Amino acid sequence: MTVNSIQQINRVMLLACAPFLGMLIWLLFVSLHISIPVKSPVVSTPINLAQETASLNSLLTQANNDAVQTKTIIQQYFQLYEKSTAEVTAMLQSAASQIAKPGLIYDARITAKLGSPIRQATSGNIDIQLFALNEKHYSGYALKVNLKSDKAIKLVLGNDKLGSSETTLAAASRYGAVVGINAGGFADDNRGKRYPLDTTVMNGKYVNGFFPTNNDTAFIGLNKDRKLIGGKFSSQSELDKLNPLMGSTFVPVLMKNGSKTSIPYQWQSSPARAARTVMANYKHDQLLFLVTDGYDESGNSGATLAELQDKMQQLGVVDAYNLDGGGSTTLVWGGSVINRPSDGRLRPLATNFLFFK
């Protein structure tokens with residue numbers, strides 16, 4: 001190996017070791033300080049129990065005071081509520097009383113025109129009063145009825161069968177009704193069956209179909225609000241618009257909207273006078289039935305329809321319809337016949353109105 005080769009090797013070694021030699025010299029002359037953090041010891045502070053107890057007592061006292069105050073406020077609120085409720089109730093009762101006054105005054109006025117009742121019955125279903133009529137040419141009875149519920153009145157078939165018949169007294173006794181009045185007309189067939197005349201409705205259903213008005217016949221009954229309805233109808237749809245609940249047929253219409261209607265000539269003279277049954281109403285929807293006595297079928301006793309129109313107008317009636325009359329006219333109260341049937345005995349009928357307490 002030549003001197004030049006050795007020199008080159010030495011140079012390479014020096015160059016390779018130079019960085020390490022430099023670092024070693026730096027470490028010899030530089031002091032390296034590394035600080036390690038030391039955790040400080042925890043110092044506990046002693047608890048003052050007396051102070052804590054006093055603080056808790058103070059908080060409890062404040063909470064109790066707040067509760068007492070809240071209770072007082074609630075009590076005052078309920079007292080105010082009860083007072084307000086009582087005042088509102090009193091106001092409503094007073095208002096209801098004021099609203100009812102015109103009706104009561106009106107009822108007192110129409111009742112005064114009838115006189116003093118000779119019989120009366122009152123219940124949650126009905127108020128019903130019976131008055132005597134003693135007119136110049138006829139006598140009879142007026143029955144004023146206030147229907148309070150659907151249970152107060154019923155239209156029934158004779159023995160509850162179509163084609164059958166029974167007296168008003170028998171029907172009232174069978175059902176336990178307080179009052180019974182004859183209803184619509186009837187027609188007999190050649191087998192002895194007695195059928196209601198034309199349109200008859202019971203419980204909202206047509207018993208034997210609809211019959212258009214013929215020879216001035218009129219439907220007379222009540223709708224589903226227990227209000228009197230009636231008149232001449234050419235189609236079932238016309239009658240259906242009035243929501244009929246019950247009713248029967250006879251002739252003629254006597255009054256509409258407080259005015260007399262024209263009486264067909266036949267009914268002015270045939271018969272002129274007779275026992276009559278009329279169904280009418282007042283403007284507050286109470287019903288009025290007039291039942292007049294007749295002593296025979298000759299047409300010489302009882303009332304004319306014109307006389308009954310005058311009487312009803314005097315009594316303040318709104319609408320009125322003639323029900324079946326003559327020997328059919330019957331008024332029963334408490335199991336006794338009140339009027340004097342013109343046949344001298346009770347006639348079996350196809351339909352009757354019954355009233356219940």
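The values are calculated or read from the model by the stated rules, or taken from the named source; none is laboratory data. Not measured: the values here are computed from a predicted model. A quick note on method: Cβ atoms are made from the backbone with ideal geometry, for glycine too, and the neighbour counts reach across all protein chains shown.
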So which of Ala320, Ala303 ends up being over 18 Å from Lys144 (Cα atoms) and buried (at least 23 other Cβ atoms within 10 Å of the Cβ)? Ala303
Restricting attention to region 106-135, which residues are assigned to a strand (DSSP E or B), small (Gly, Ala, Ser) and closer than 18 Å to Ala152 by Cβ? Ala121
Looking at (1) closer than 23 Å to Leu222 by Cβ; (2) surrounded by fewer than 21 Cβ atoms within 10 Å (Cβ to Cβ); (3) of a type outside the set (Phe, Trp, Tyr), which one does Leu157 not meet, given that it meets all the others? (2)
Please state which one of Leu287, Leu305 is modelled with pLDDT of 95 or more and farther than 14 Å from Ala142 by Cα. Leu305
Determine which single condition Leu349 fails, assuming it passes every other condition in (1) closer than 20 Å to Thr217 by Cβ; (2) modelled with pLDDT under 95. (2)
Show the residue pairs meeting these rules: Cβ distance below 6 Å; 6+ apart or different chains; first residue within region 279-292 and on the phi < 0 side of the Ramachandran plot; second residue among the polar types (S, T, N, Q) and modelled with pLDDT under 95. none
Condition first: farther than 14 Å from Gly325 by Cβ and aromatic (Phe, Trp, Tyr). Now tell me which residues in region 255-277 satisfy that. Tyr265
